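Engineer: One structure is given below, represented as structure tokens, and several questions about it will come after.
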There are 2 protein chains.
Amino acid sequence: MEDTVNAFVSQFEIEGAAAGPLAGLTFGAKDIFDVAGHLTGCGSPDWARTHGPAEAHAPPVATLLGAGARLVGKTHTDEIAYSLMGANAHYGTPVNTAAPDRVPGGSSSGSVAAVAAGLVDIGLGSDTGGSVRMPASFCGVYGLRTTHGAIPIDRTMPLAPSFDTVGWFARDLALMDRVAEVFALPPADSRPHRLLLPVDVWAEAEADTVAAVAPALATLQAAHGPATPLRLAPDGLDIWFETFRVAQAAEVWQAHGPWVEATAPSFGPGVADRFRMAAGITATQWATARTTRETVRARLEAVLDGGAVLVLPTSPGPAPLRTASEGDLDTFRRRALRMLCAAGLAGLPQLSIPAGLAGGAPVGLSLLGGRGSERTLIAMAG
Amino acid sequence: MEDTVNAFVSQFEIEGAAAGPLAGLTFGAKDIFDVAGHLTGCGSPDWARTHGPAEAHAPPVATLLGAGARLVGKTHTDEIAYSLMGANAHYGTPVNTAAPDRVPGGSSSGSVAAVAAGLVDIGLGSDTGGSVRMPASFCGVYGLRTTHGAIPIDRTMPLAPSFDTVGWFARDLALMDRVAEVFALPPADSRPHRLLLPVDVWAEAEADTVAAVAPALATLQAAHGPATPLRLAPDGLDIWFETFRVAQAAEVWQAHGPWVEATAPSFGPGVADRFRMAAGITATQWATARTTRETVRARLEAVLDGGAVLVLPTSPGPAPLRTASEGDLDTFRRRALRMLCAAGLAGLPQLSIPAGLAGGAPVGLSLLGGRGSERTLIAMAG
């Protein structure tokens, strides 16, 4: 396969089981998942030179191989997965085939680019703060973030362990569900699911993005009834964003601080800023964030009680241009995280559905449900 | 009639026409409308001492009398009508019978209080920036702001002439429509009306207010189909609010600056602040506001094209407590004006419908439509 979109760190072939529900299909694995005998590079040359080859497959890789899928390579990630845009200062930016002048989104950048370009059927990624949902929206494919803890994620570089989840991309919904079944996620339930429209999250999206996803919402409403508006964050999404930022950064530093201090890696610009910020989080800040996080979890639990499902734009807008300044990217990222952080804070699954075009580039509409609702969300989107 | 709620400046009786569609009904008129032989006090003792009795009825008063309604008195207004809360430093605060510990809203404070208390059938008011809509929401009654220019408003104290409109309150929708018919507003049209949900306006409302109005929205959606979300102000409601604030203040100063400079009235605290602010608006600020106002008008025209109707909470929340600080009131007022300013800037009608309780106090849901859509909005609410 010719890697026309700079999606792959390395290409190789590992055959899957001879028979299985994914037989005949291919996948790429984000380069934070261990593949036996290969280096797990994590988007960082300094990481690569300070780590050896993996001894065994990470469980999600083993599961897909066991279901018959063929692994065709490891895909690019943002550096240490600590970004949402898909740009890597060392390895370049994979091509967003749906909008070649724009970034593909990250940190699961190579997996989404490979799926969008038709190079693989399934792109294995991870989602801590939006690293599957955001690129799915940017590239016009389906992307699922799973319930925290539902799929074992060891032998995988942690970013912020209490947020990290496995996710994947595909171009069609039936395949999204087949993979979810392979991962033994609970079957879709058949009870009615009330749609909720979090107006404060919607208000973060650009006007033409709201307009672009409206027809997809109308389709969902035709099947599930009118969405009920609600204000998701009673005291404001800024507090939720700040809680996410602090708790994630504290865990990132806990996971990687010793390595950063020992290695002094030459990080790209945005990543360097975030690691510096992470190093400065105080114990008091972290404690406050953990306390606030519990109120967010409780709010989500109350809101989703009885099987309700939130419907929201995945991203504030289409992907930023590849030429966007670091400042513009940061503004976009903050706005995006106000929209994305609910699922991360509460450990909940979210499915991004390709929904339309804004400014000629894809935007996604998301369904966010309770724990274990992945296949229900997929069924609702169908 | 005993004025149990401090709604009336003065009580008297002027009989309406012997027969007519409003025969047998009573009304109170906000004390900015001229009533022949009576002083128009405008909520200001300084205004009262510097003005004489009116020579003739203001047209809206004459119209209601001509339709058979009996005028039973003039009702309190916020000072020079330049407030939204219903508190008057000189004459006190009318009682909100639906929530006696809270303000009734203003500036049509006495008219709304009299209607809510059942003292009159119709409360005649005016709406520049929300002075009918906001008190209707606070007191749990219907309130209509009409299309700018649809009902002649001479022999009435101007506040900001390019924003000033006639409006009224009633406890039932059938009467709202009967009054609209008396004012010769166009009949309801029978074409389908698509509901639009302006997410940025909704996001200004408190969480329990959004929850409180959701059932009324559901009823509207059952009749008119699911509301389509849209972002009303593409560049943010802050810009719309600022445009409203500047343009209104400039017109207020144009209308009343000479009198203020000649009289040096002893204004209540919030009103004094706003007149000081109005005195300082520069020609450049005003010109910018007029230009931006045209973009707002164009945006509303595009959004409402084809008969679409916006559905939105009338107010950020229930009425503030009577004991709220001037600072808290100002915060609430700014948020309220971000939600209310669209109709004012674009000169459009808006109907506030009593929709439920938040924190035990009333909140309203509004329908905002194109020019001349008043009776269509009333029909949709039925």
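The values are calculated or read from the model by the stated rules, or taken from the named source; none is laboratory data. Computed from a predicted model, the values in this text were never measured in an experiment. Positions of Cβ are generated from backbone atoms using ideal geometry, with glycine treated the same way; all protein chains shown enter the neighbour counts. SASA here: full protein model, heavy atoms, side chains in, ligands and nucleic acids out. Shrake-Rupley method; radii C 1.70, N 1.55, O 1.52, S 1.80 Å.
Engineer: Scanning chain B for helices, which whole DSSP H stretches are 15 Å or more long along the axis (Cα) and average -0.5 or more by Kyte-Doolittle?
Structural biologist: B:207-224, B:237-263, B:269-279, B:326-346
Engineer: Next question, about the same structure. Reported to two decimal places, what Rg/Rh ratio describes region A:316-380 when computed on Cα atoms with Rh from the Kirkwood expression?
Structural biologist: 1.04
Engineer: Right, something else. Could you state the number of Å between the C-alpha centres of region B:1-76 and region B:327-349?
Structural biologist: What the calculation gives is 27 Å, centre to centre.
Engineer: Over the protein assembly as shown, what is the percentage of antiparallel beta bridges among all DSSP beta bridges, to the nearest 5?
Structural biologist: Roughly 70 percent of the beta bridges in the protein assembly as shown run antiparallel, per DSSP.
Engineer: Within a 10 angstrom radius of each residue's Cβ in A:222-231, how many Cβ atoms of other chains show up on average? Whole number is fine.
Structural biologist: 6
Engineer: What does the copy distance list look like for A:Ser10, label position 7 Å along Cα→Cβ, in nm and ordered from shortest?
Structural biologist: Between copies, matching label points for A:Ser10 lie 9.4 nm apart.
Engineer: Between A:Asp189 and the same site in the other copies, what are the distances in nm, shortest first, taking label points 7 Å from Cα along the C-beta direction?
Structural biologist: Label point to label point, same position, other copies: 4.6 nm.
Engineer: Take every DSSP beta bridge with both residues inside chain A and express the antiparallel ones as a percent of the total, to the nearest 5.
Structural biologist: So the antiparallel bridges amount to about 70 percent of the total.
Engineer: Taking the Cα centre of chain B as origin, work out the dipole magnitude from +1 charges on Lys and Arg Cβ and -1 charges on Asp and Glu Cβ, in debye rounded to 20.
Structural biologist: 540 debye
Engineer: Could you please tell me the mean projected area of the C-alpha convex hull for chain B, averaged over all directions and given in square nanometres to one decimal?
Structural biologist: For chain B, the mean projected area of the Cα convex hull comes to 16.6 nm².
Engineer: So what is log10(I(q)/I(0)) for region A:233-275 at q = 0.18, 0.24, 0.33 1/Å, when the Debye sum runs over its Cα atoms only?
Structural biologist: -0.61, -0.84, -1.10
Engineer: If I take the Cα coordinates of region B:21-62 and project them onto the principal axes, what are the three extents in Å, biggest first?
Structural biologist: Result for region B:21-62: principal-axis Cα extents of 38, 18, 13 Å.
Engineer: Sort A:Asp172, B:Asp164 by heavy-atom solvent-accessible area, probe 1.4 angstrom, most to least.
Structural biologist: On the way: A:Asp172 70, B:Asp164 15 Å².
Of A:Asp172, B:Asp164, the descending order of accessible area is A:Asp172, B:Asp164.
Engineer: In units of 2.2 N^0.38 Å, what is the alpha-carbon radius of gyration of region B:1-70?
Structural biologist: Its radius of gyration relative to the 2.2 N^0.38 Å reference: 1.16.
Engineer: Lysines near A:Lys74 by alpha-carbon distance under 21 Å, same-chain residues fewer than 8 away left out - which ones?
Structural biologist: The qualifying lysines are A:Lys30.
Engineer: Quick one: check the C-alpha center-to-center distance for region A:273-325 versus region A:136-208, whole angstrom.
Structural biologist: Distance between centres, Cα-based: 15 Å.
Engineer: I've got another one for you. B:Thr26's amide H: which non-local residues (gap 5+, or another chain) put their own amide H closer than 5 Å, with H modeled 1.01 Å from N in plane and none for Pro or chain starts?
Structural biologist: B:Arg70, B:Asp121, B:Ile122
Engineer: Okay, next question. Just going by the charge dipole of chain A, with Lys and Arg at +1 and Asp and Glu at -1 on Cβ, which of A:Ala346, A:Thr40, A:Gly129 is farthest out on the positive end?
Structural biologist: Of the listed residues, the answer is A:Ala346.
Engineer: What is the dipole size for the protein assembly as shown, taken about its Cα centre, with +1 at each Lys and Arg Cβ and -1 at each Asp and Glu Cβ, in debye to the nearest 20?
Structural biologist: 400 debye
Engineer: Okay, next question. Kirkwood hydrodynamic radius (Cα pairs, Å) of region A:172-232?
Structural biologist: That comes to 13.9 Å for region A:172-232.
Engineer: Round to a whole number: what % of the accessible area of region B:235-304 belongs to carbon and sulfur, probe 1.4 Å?
Structural biologist: Details: 1850 of 3380 Å².
Ligands and nucleic acids excluded, carbon and sulfur reach 55 percent.
Engineer: May I have the pair-distance distribution P(r) for the protein assembly as shown, computed from all Cα-Cα distances with 20 Å bins from 0 and rounded to whole percent?
Structural biologist: Result, from short to long distances: 17, 42, 26, 13, 2 percent.
Engineer: Let me ask something else. Along its three principal axes, how long is region B:55-166 when you only count alpha carbons? Whole Å, largest extent first please.
Structural biologist: Principal axes ranked by extent give 36, 30, 25 Å for the Cα atoms.
Engineer: Counting only other chains, what is the mean number of Cβ atoms within 10 angstrom of the Cβ of each residue in peptide B:232-238?
Structural biologist: Across B:232-238, the average partner-chain Cβ count within 10 Å equals 2.
Engineer: In peptide A:214-221, how many Cβ atoms from other protein chains are near each Cβ within 10 Å, on average?
Structural biologist: Neighbouring Cβ atoms belonging to other protein chains average 2 per residue here.
Engineer: Just name one of A:Val115, B:Gly382, B:Val246: the one whose Cα is farthest towards the positive end of the charge dipole of the protein assembly as shown (beta-carbon charges, Lys/Arg +1, Asp/Glu -1).
Structural biologist: B:Gly382
Engineer: Here is a follow-up. Apply 1/(1 + (r/R0)^6) to the Cβ-Cβ distance of A:Glu13 and B:Ala222, taking R0 = 56 Å, and write down the FRET efficiency to the nearest 0.05.
Structural biologist: Given R0 = 56 Å and the Cβ-Cβ separation, E is 0.50.
Engineer: List the distances, in nm and shortest first, from the label point of A:Ala287 to the matching label points in every other copy, placing each point 7 Å from Cα along the Cα-to-Cβ direction.
Structural biologist: 5.8
Engineer: If I model region A:235-359 as equal point scatterers sitting on the Cα atoms and use the Debye formula, what is log10 I(q)/I(0) at q = 0.12, 0.22 Å⁻¹?
Structural biologist: -0.57, -1.33
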